[in-house]
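Taking it in order: structure first as structure tokens, then the write-up.
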Amino acid sequence: MEQCIALVDCNNFFVSCERVFRPDLDGRPMVVLSSNDGCVISRSDEAKRLGIRMGEPWFKVKGLHKYRDVMAFSGNFPLYSDLSNRVKCMLADFSPVHEEYSVDESFLDLTGFDDIRERSCAIREIVRKQAGIPVCIGIGPTKTLAKLANFVAKKHPKSKGIFFYNVLDRQQKRVLLDKIPVDEVWGIGQRLSRSLRRLGIGTVCQLHDSDIKAMRARFGVPMERLVSELRGIPCIEIADISPPRKQIMSSRSFGERITKQDDLENAMAFHATKIGRQLRKQESVAGMVHVFLETDPFRKDRPQYHPYISLPLVEPTSSTVEINRYAMIGLHRIYKSGYEYRKAGVCVSELSPESLFFPDMFADSRQERIMKVMDEINGQFGNGALRLSQDDWMHRYWEPRKERMSPRYTTSWNELAVCGD
DNA sequence: TCTGGGGTCCTAGGACCC
DNA sequence: TCTGGGGTCCTAGGACCC
């Protein structure tokens, strides 16, 4: 039986989340900004039509007269993450096999269902009604074709948000694939698309018809798989159970330039805390801690310094206290005064399941107990109720700017939406 | 003048994704 | 003044070994 994969993709997800609580903004051009209100990371259709590009720096956009009516919101990630979970729960009812691919996309395996069209309509309707989020659905025999079908569903109003790609319909295939530029294919980025164009491959149709052996020889196995997927031969499986992360990172650009080691310590403690929490949540321990600092690469007139250090842990851990201790050691080794730092971060790698790790029988088990208490208290009273002394929110001078933030309608009691809002 | 050949492992950096 | 954050995978090239 031919495989049937649907890709459900939330339209302009972050913007749609803001509109759930501000329906008055429907039809208005609006954008959501990255951390520090740096650049545009989500655009409404109206903003796209005005010509605002993805990733465009906000300071450039806001100065232009033609964009004067555009509403901008600072990224409200707790809100988006909460709404994302609600949507995922709804989707799970429509297929036993599904993969949560990203915050706003899920693959559903619809193989064997004989009511795929009705099912897709129901998905759209229920997610719109119950979560307030509009979605588009692309359906095809492989994940790559489902992605492409989703692109068509989004672009063509005639499809009404659902597009079914049929490999057997040669006429449809020709007409459709010939119109789509090759860089719309999942896995073809800027560089590959440039190389392909030099070979005379500019459309999806041309890539589909290319000599697969020659493509493999020139670009490697991933490209061979990609061409096969375009031809309807599945090479990328649905990852039903999401594998545990192999590394966990936390980093931020600062709201203002930071020079003092104290302030960097404060930021590092924040990152170490966040990482510890995530490690324990996925029941992993880390074997390596990495710490990095960055000055502003856009300020060519200032001295640049981008140090990075990796420290192996004596014993793998998920303890916030231990990760913070190593982060501080790393920071002290790489910190140099006289630079204006713009960004700092902590990363852990060499993760392994907690259950496979047998601690030294003489090891101090207090850490584990302390972390348990910390997670319990923070679970009840909110993250930050119990924290490291260095993770001092009264002195977070480095915190990114969020000047246009909407309330955390769904994740903070003090900011709940009320009638009339 | 002339400086093996092939395998493995590791790492940094690039490319891609959202 | 102002340019995100968090991932994965692949590859080239160096180090090292026999």
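Using the eigenvalues of the Cα gyration tensor, what equivalent ellipsoid semi-axes result for chain A when each is taken as the square root of five times the eigenvalue, whole Å, largest first? Walk me through the numbers before you get to the answer.
Numbers: eigenvalues 314, 145, 125 Å².
Working through the eigenvalues yields semi-axes of 40, 27, 25 Å.
Whole-Hz Karplus values for segment A:50-67 come out as 6, x, 6, 9, 5, x, 5, x, 5, 4, 7, 5, 5, x, 8, 4, 5, 9 Hz, taken residue by residue from phi with 6.51 cos²θ - 1.76 cosθ + 1.60 and θ = phi - 60°; glycine and proline positions read x.
Residues whose amide H comes within less than 5 Å of that of A:LEU313, counting only those at least five positions distant or on another chain, are A:MET288, A:VAL289 (H built at 1.01 Å from N in the peptide plane).
Where both partners of a DSSP beta bridge lie in chain A, what percent of those bridges are antiparallel, to the nearest 5?
Details: 43 of 51 bridges.
Restricted to chain A, the bridges split so that about 85 percent are antiparallel.
If R0 is 35 Å, the Cβ-Cβ spacing of A:GLU256 and A:GLU283 corresponds to a FRET efficiency of close to 0.40.
Can you pull out the chymotrypsin sites (Phe, Trp or Tyr not before Pro) in segment A:249-297 that DSSP calls coil and that have at most 14 other Cβ atoms within 10 Å? Numbers along the way, then the final one.
On the way: sites: A:PHE254, A:PHE270, A:PHE292; in loops: none.
Loop-located and lightly packed - none at all.
Each residue of segment A:94-101 is assigned a 3J(HN,Hα), and the resulting list reads 9, 7, x, 10, 8, 10, 7, 7 Hz, derived from the Karplus form 6.51 cos²θ - 1.76 cosθ + 1.60 (θ = phi - 60°), x at Gly and Pro.
Loop only by DSSP, 13 or fewer other Cβ within 10 Å of the Cβ. Give me the trypsin sites (Lys or Arg not before Pro) in segment A:168-248 that pass, ordered by residue number. If you can, show how the numbers build up before the last one.
Working: sites: A:ARG170, A:LYS173, A:ARG174, A:LYS179, A:ARG191, A:ARG194, A:ARG197, A:ARG198, A:LYS213, A:ARG216, A:ARG218, A:ARG225, A:ARG231, A:ARG245, A:LYS246; in loops: A:LYS179, A:ARG231, A:ARG245, A:LYS246.
For trypsin sites (Lys or Arg not before Pro) across segment A:168-248 that sit outside H, G, I, E and B with at most 13 neighbouring Cβ atoms in 10 Å, the list reads A:LYS179, A:LYS246.
What chymotrypsin sites (Phe, Trp or Tyr not before Pro) in segment A:294-374 are in a loop by DSSP, with at most 16 other Cβ atoms within 10 Å of the Cβ?
On the way: sites: A:PHE298, A:TYR305, A:TYR308, A:TYR326, A:TYR335, A:TYR339, A:TYR341, A:PHE357, A:PHE362; in loops: A:PHE298, A:TYR305, A:TYR335, A:TYR339, A:PHE357, A:PHE362.
Sites meeting the loop and neighbour criteria: A:PHE298, A:TYR305, A:PHE357, A:PHE362.
Could you tell me which of rounded, prolate or oblate describes segment A:229-282, using a ≥ b ≥ c as the square roots of the eigenvalues of the alpha-carbon gyration tensor, with rounded for a/c under 1.5 and, failing that, prolate when a/b is larger than b/c and oblate otherwise? The shape class here is oblate. Remark on A:GLY232: its backbone amide H falls under 5 Å from none of the residues 5 or more positions apart or on other chains, H modelled at 1.01 Å from N. Of all lysines in the structure, the ones whose alpha carbon falls short of 17 Å from that of A:LYS300, not counting any fewer than 8 places away in one chain, are A:LYS343. For chain A, the mean residue ellipticity at 222 nm estimated from helices alone is -11500 deg cm²/dmol, where every DSSP H run of n ≥ 4 contributes -39500 (n - 2.57) and the total is divided by all residues, rounded to the nearest 500.
Counted residue by residue at 0.36 nm each, then reduced by the alpha carbon distance between them, the extension gain from A:SER159 to A:ASP211 reaches 15.6 nm. Relative contact order, whole percent, for chain A stands at 17, derived from Cα pairs under 8 Å and 6 or more residues apart.
Relative contact order of segment A:248-390: what whole-number percent is it, with Cα pairs under 8 angstrom and at least 6 residues apart? Working shown, then result.
Details: 232 pairs, mean separation 50.5, N = 143.
That works out to 35 percent.
Taking amide H as placed 1.01 Å from N in the peptide plane, the amide H of A:GLY255 sits under 5 Å from that of A:GLU399, A:ARG401, each at least 5 places away or on another chain.
Taking the Cβ-Cβ separation of A:ARG170 and A:ILE241 as r and a Förster radius of 60 Å, what is the calculated FRET efficiency to the nearest 0.05? Show your work: numbers first, answer last.
Details: r = 37 Å, r/R0 = 0.61.
E between A:ARG170 and A:ILE241, to the nearest 0.05, is 0.95.
The Rg/Rh ratio of segment A:248-390, with both radii computed over alpha carbons and Rh defined as the Kirkwood radius, is 1.01. Projecting the Cα positions of A:VAL314, A:GLY255, A:ALA286 onto the charge dipole of segment A:248-390 (unit charges on Cβ atoms of Lys, Arg, Asp and Glu, taken about the Cα centre) puts A:GLY255 furthest along the positive direction.
Extension gain for A:ARG231-A:GLN130 works out to 32.7 nm (0.36 nm per residue, less the C-alpha to C-alpha distance).
If the cut-off is 13 Å between C-alpha atoms, which aspartates and glutamates fall inside it for A:LYS66, apart from same-chain ones fewer than 8 positions away? Qualifying aspartates and glutamates at Cα under 13 Å: A:GLU46.
Report the extension gain between A:LEU64 and A:ASP178 in nm, rounded to one decimal, defined as 0.36 nm multiplied by the number of residues separating them, less their alpha carbon distance. If you can, show how the numbers build up before the last one.
Numbers: separation 114, 0.36 × 114 = 41.04 nm, distance 3.62 nm.
The span from A:LEU64 to A:ASP178 would gain 37.4 nm if fully extended.
Read-outs throughout are calculated quantities, based only on the coordinates presented, and are distinct from any laboratory measurement. Keep in mind that what you see is a predicted model, and the values were worked out from it rather than measured. Note that each Cβ is placed from the backbone with ideal geometry, even for glycine, and that neighbours are counted across all protein chains shown.
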